[in-house]
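J.: Before we start, here is the structure in question, set down as structure tokens.
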């Protein structure tokens with residue numbers, strides 16, 4: 001009987017030691033709540049990137065979005081005076097350029113002769129000449 005009692009006591013102690021979440025020496029727990037595990041699992045892996053997906057390109061600098069200045073004039077600032085505007089219009093095939101005025105948008109307007117006819121002309125800030 002003594003051996004049976006020792007076996008049962010040993011079994012009870014072994015089960016208590018394996019099943020307890022509390023530190024040794026605190027005695028059996030009568031609480032029905034169990035402590036949560038403190039380890040966290042890694043999040044599930046996301047979908048694998050496809051071979052065709054690529055990161056978006058970086059935005060272009062602001063200067064790259066502006067049109068390049070006309071190669072005929074170099075820059076819009078090159079046509080700052082009436083004399084420069086007259087020379088540019090004459091180099092585009094017009095003659096007798098007169099009455100040049102610059103509007104608020106930076107476009108030069110005036111009169112000129114082309115193929116024997118008097119026409120109104122305009123010279124924009126990019127150096128483009130056109131008959132109006």
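Only the coordinates and a few stated rules stand behind these numbers; no lab work does. This one's a predicted model, so the numbers in the text were calculated from it and none came from an experiment.
J.: What percent do you get for the relative contact order of the range 75-131 when only Cα pairs under 8 Å and 6+ apart count?
T.: 29 percent
J.: Which shape class applies to the range 76-132: rounded if a/c is under 1.5, otherwise prolate when a/b exceeds b/c and oblate if not, where a ≥ b ≥ c are the square roots of the Cα gyration tensor eigenvalues?
T.: prolate
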